[in-house]
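The values are calculated or read from the model by the stated rules, or taken from the named source; none is laboratory data. Predicted, not measured: the structure shown is a model, and the values here were computed from it. Because the Cβ atoms are built from the backbone with ideal geometry, glycine has one as well, and the counts that use them run over all protein chains shown. The accessibility values were calculated without ligands, DNA or RNA, using every heavy atom of the protein model including side chains. Shrake-Rupley method; radii C 1.70, N 1.55, O 1.52, S 1.80 Å.
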Amino acid sequence: MIVGAGFAGYRTARTLSRLAKGRAEIVLLNPTDYFLYLPLLPQVAAGVLEPRRVTVSLSGTLPHVKLVLGESDRIDLDARQVHYTGPEGESGTLDYDRLVLAAGSVNKLLPIPGVAEHAHGFRGLPEALYLRDHVTRQVELAAATDDPGRCASRCTFVVVGAGYTGTEVAAHGQLFTDAQVARHPLRTGMRPRWMLLDIADRVLPELDERLSRTADTVLRERGVDVRMGTSVKEATHDGVLLTDGEFVDTRTLVWCVGVRPDPLVESLGLPMERGRLLVDPHLRVPGRPEVFACGDAAAVPDLEKPGSYTPMTAQHAWRQGKVCAHNVAASFGDGERRAYRHKDMGFVVDLGGVKAAANPLGVNLSGIAAGAVTRGYHLAAMPGNRVRVAADWLLDAVLPRQAVQLGLVRSWSVPLDTASPELARVPGKPGRPGSEPAKEQSGGEPARNQPGGEPARNQPGGEPARNQPGGEPARNQPAVTPPPDQPPPGLDVAPGPVKRTDRPTEGDS
């Protein structure tokens with residue numbers, strides 16, 4: 001039984017399936033039917049790749065693994081049962097002989113006023129789709145306004161966290177908005193402004209200083225406002241207050257300060273290390289020989305650095321998944337168990353266009369060479385969709401990007417404080433704690449025109465007004481009859497918007 005299909009869970013399932021050769025039943029519990037290749041998610045938000053390019057079908061690539069769609073709610077270690085909730089709210093129970101916990105991680109929260117209400121994370125596909133729509137909308141609305149203050153506010157994008165994700169989001173985002181402005185010119189002398197904040201003293205603080213300098217140089221040359229030693233003190237509906245005292249008017253706050261283990265592991269009552277489940281070097285939970293853990297949810301001893309634990313990265317999760325599968329097989333007498341050891345082969349950071357920072361095998365690269373190595377690495381590491389990804393890269397190099405709002409993911413659908421970033425929130429749908437809209441709000445939506453929020457309905461770029469064709473009926477209200485001068489849609493009448501007399505005059509009411 002494997003809980004989670006991230007880098008660790010997917011690799012465990014694939015390797016164990018090859019080792020078992022049909023001699024064991026392998027069950028994979030996951031909220032979605034795909035494995036998400038997270039490193040390429042910033043390219044989805046920037047319109048370089050289509051969403052399905054970074055998703056790999058679980059049933060299509062794991063033919064000998066039984067996929068169960070659902071989220072684990074509770075694990076009964078004594079009864080050896082996993083209780084879960086399915087995608088339509090149904091409850092289920094799965095028995096196991098061996099359990100692999102690879103639940104992954106969620107957005108890391110900090111006790112900063114207003115952040116949970118106004119910021120959005122970047123851990124799942126819904127969040128990337130929302131950010132792409134939101135950024136596109138802000139640029140289009142900024143181009144349509146005559147107010148310079150409002151234009152500057154809409155075209156200011158604040159990214160907090162200068163690690164892998166935040167650096168790539170800011171780098172790709174600046175290119176994306178510059179390309180949009182070429183088609184939707186702003187007021188004279190104005191251009192989109194991306195800010196990258198972090199309390200660390202340099203970009204990519206976890207990497208080699210030479211990679212950090214390369215990334216910092218590319219960002220600044222591109223126009224990104226990089227501010228180290230600075231973070232957000234408070235987020236409000238008008239913008240963000242920085243720790244240096246400056247207030248920045250913005251409608252966008254992207255939270256990339258790091259991750260925390262999935263809350264599921266905390267409920268087990270087992271020894272923890274900074275929120276992660278303690279395991280031995282063989283990825284087995286002490287005192288529970290039938291339970292294994294790997295990936296971001298596990299605190300795995302780093303044998304190369306005694307006294308420390310491996311960091312929460314995709315590289316470690318991918319490698320741990322393979323070792324975990326061999327050790328599960330060894331627990332049944334098939335092969336010898338292995339201790340997890342690793343050796344860094346280098347790092348790659350995609351900065352958009354032909355720019356990147358990389359140090360494969362310790363050789364520091366930048367520019368086009370680093371870009372080629374970075375994309376080659378991603379193609380080799382992806383377990384599927386390689387041709388489609390390469391084709392999208394080629395098309396992006398020769399054709400302009402399609403900057404349109406699909407409107408598939410709304411602001412309230414991707415809250416920062418959620419235990420399920422891989423799923424867009426659905427009002428009224430039961431789920432795990434932390435996955436529902438606030439009960440006191442209609443659908444749990446943030447106030448309009450707050451950072452990360454949506455424009456008011458009936459405004460440019462917003463949702464259709466409720467009670468209009470294509471919109472939802474107002475909650476707890478009877479259906480509205482169209483005015484006498486506008487016949488209802490029928491077989492011979494094309495649907496059209498209902499005429500309103502209460503339409504506001506300002507675009508940001």
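Share of carbon and sulfur in the accessible area of the range 110-185 stands at 60%, probe radius 1.4 Å. Descending by average beta-carbon neighbour count within 10 Å, the peptides 5-14, 207-216 line up as 5-14, 207-216, the highest first. Can you tell me the accessible area per residue over the range 38-145, all protein chains present, probe 1.4 angstrom, in square angstrom? I get 37 Å² per residue for the range 38-145.
Whenever you get a sec, compute what percent of the accessible area on the range 224-297 sits on carbon and sulfur atoms (1.4 Å probe). Intermediate results must be reported in sequence, preceding the final value.
Values: 1350 of 2850 Å².
Carbon with sulfur: 47 percent of the solvent-accessible area.
Considering the range 149-303, its Cα convex hull presents a mean projected area of 12.4 nm². Rounded to the nearest 20, the size of the Cβ-charge dipole of the range 145-248 about its Cα centre is 400 debye, with Lys and Arg at +1 and Asp and Glu at -1.
Give the dimensionless ratio obtained when the Cα radius of gyration of the range 36-150 is divided by 2.2 N^0.38 Å.
1.49
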